Amino acid sequence: MINVPKGTKDVLPNQSYKWQYLEETAREVARLYNYKEVRTPAFEHTELFQRGVGETTDVVNKEMYTFLDKGGRSMTLKPEGTAGVARLFIENGLASSPMPVKTFYITPAFRYENPQAGRLREFHQFGIEVFGSSSPETDAEVIFAASSFLNKLKIKGVKLEINSIGCRICRNEYNKALKNYFAPHVEEMCNNCRTRFDKNPLRILDCKEEKCKTVAKNAPKITDYLCDDCKKHFEGVRSLLDAQGLEYSVNSNIVRGLDYYSRTVFEFVSTEIGAQGTVCGGGRYDGLLEQLGGNSLPAIGFAAGIERLLLLMENTGVPFPEETAPLIYIAGMDEKSRAQAFKTALDLRGKGVSAEVDHMQRSVKAQLKYADKIGAKFVAVIGESELESGVLNVKKMSDGSCASVKLEELYSYLLKEDK
């Protein structure tokens with residue numbers, strides 16, 4: 001037998017309604033905030049992620065699925081959503097659109113890493129990206145959109161943590177301070193962080209190795225090195241969150257795992273899904289478009305992992321809507337009545353009513369058992385007498401009550417009773 005690849009997961013029929021619920025909620029939030037959907041390819045030119053995500057990141061160094069296509073071109077399955085949307089923005093000339101350009105996506109992504117709770121090699125994200133605005137109001141709106149999404153899912157116990165990692169100017173000074181701090185401890189750090197020390201010491205703060213976390217515990221705080229503009233911007237974001245009563249804490253160690261971030265970064269964190277506690281994270285990336293060959297425009301976004309959210313909801317007992325079931329099951333007693341049941345079901349479906357009939361040549365008794373198992377709200381049996389009279393005996397499964405309904409009035413009866 002051929003098994004599912006390690007780090008991937010099948011979604012079964014009795015689970016897919018949960019995914020649909022999350023995706024429908026994501027689309028509803030996007031509608032409320034006026035974000036328009038974009039879709040990017042599952043694979044892109046490898047250079048996009050090398051330049052966009054950053055060569056010092058674990059994603060690029062260790063986790064990308066990269067291959068040569070038949071033309072000898074290096075391609076990579078997308079490990080995250082932002083770089084592809086930024087490429088879409090540049091390539092399709094969206095810089096000439098009215099600003100800001102507000103987009104969202106629901107997409108699979110791929111990273112080769114050790115599978116664990118809430119972290120797979122193929123995973124799915126709901127993300128939003130906003131291009132063209134540098135205002136603190138945009139940062140705050142993006143954070144509120146993420147908060148609205150989690151609230152609509154009725155997820156509790158998630159904490160918002162924010163930080164500012166400044167711009168290129170103030171981050172240069174901060175990197176010097178970090179190098180001075182980490183220099184005496186280089187030999188105590190992991191091999192990756194030894195490389196980061198020379199190339200991008202900020203990345204050391206994001207390391208998950210315990211020995212590196214211990215060394216970084218007393219590192220200088222980026223908020224002490226912000227330039228006046230970045231400090232004013234961060235204060236503006238915080239004042240907007242404060243004004244609306246959105247609780248948060250400032251975590252100076254949040255730098256996010258990708259190199260394109262600048263200024264505001266944030267995470268919604270839970271302790272209910274093990275060590276991988278971030279269920280939603282994002283921030284500003286004002287230099288990314290220019291880095292990818294586009295115009296210099298500000299941008300900000302977030303991504304939420306759908307698998308992690310599902311795990312969190314299941315672990316904390318968050319209720320899901322009931323799985324959808326057919327409104328009516330129509331059973332047939334013989335060949336002629338089965339044909340009528342089939343026709344009636346098609347007629348109802350054509351009018352927007354979910355209806356089911358037998359496909360397994362079951363007895364009427366077995367059909368009724370099946371109707372109960374799949375949760376049909378109503379059941380009608382068609383036999384010889386029903387064919388002659390044109391009147392069906394319709395049973396309401398919730399209370400066992402029955403009603404005689406003319407075949408041509410079945411649709412209006414179901415609409416009236418299904419309340």
Please determine, by comparing only the residues of region 326-363 that are in a helix (DSSP H, G or I) and among the charged types (D, E, K, R), which one is nearest to the chain's Cα centre (by Cα).
ARG349
If a residue has to be in a loop (DSSP other than H, G, I, E, B), surrounded by 14 or more Cβ atoms within 10 Å (Cβ to Cβ) and out of contact with any Leu (no Cβ under 9 Å at 6 or more places or on another chain) to count, how many in region 307-319 make the cut?
1
Considering region 373-397 alone, what residues qualify as being farther than 13 Å from ILE328 by Cβ and not aliphatic (A, V, I, L, M)?
LYS373, GLY383, GLU384, SER385, GLU386, GLU388, SER389, GLY390
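Taking the condition in the same structural domain as TYR21 (by TED's automatic domain parsing), surrounded by 20 or more Cβ atoms within 10 Å (Cβ to Cβ) and either closer than 30 Å to GLY317 by Cα or in contact with a Gly (Cβ under 9 Å, 6 or more places away or on another chain) (or both), does LEU153 pass?
yes
Kindly indicate whether any position in region 69-76 is of a type in the set (Gly, Ala, Ser), in contact (Cβ under 8 Å) with a residue 12 or more places away in the chain and surrounded by 15 or more Cβ atoms within 10 Å (Cβ to Cβ). Step through it out loud before you land on a result.
Our first condition is that a residue be of a type in the set (Gly, Ala, Ser); within region 69-76, this holds for 71-72, 74.
Still in the running and in contact (Cβ under 8 Å) with a residue 12 or more places away in the chain: 74.
Checking the rest, the ones that are also surrounded by 15 or more Cβ atoms within 10 Å (Cβ to Cβ) come to none.
No, region 69-76 contains no residue that is of a type in the set (Gly, Ala, Ser), in contact (Cβ under 8 Å) with a residue 12 or more places away in the chain and surrounded by 15 or more Cβ atoms within 10 Å (Cβ to Cβ).
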Does any residue in region 5-19 that is without any contact (Cβ under 8 Å) to a residue 40 or more places away in the chain come within less than 7 Å, Cβ to Cβ, of a residue that is surrounded by 10 or more Cβ atoms within 10 Å (Cβ to Cβ) six or more places away or on a different chain, and which pairs are these?
VAL11/TRP19
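The values are calculated or read from the model by the stated rules, or taken from the named source; none is laboratory data. Every value quoted in this text rests on a predicted model; they were computed, and no experiment measured them. Don't worry about glycine lacking a Cβ; one is built from the backbone with ideal geometry, like all the others, and counts go over all protein chains shown.
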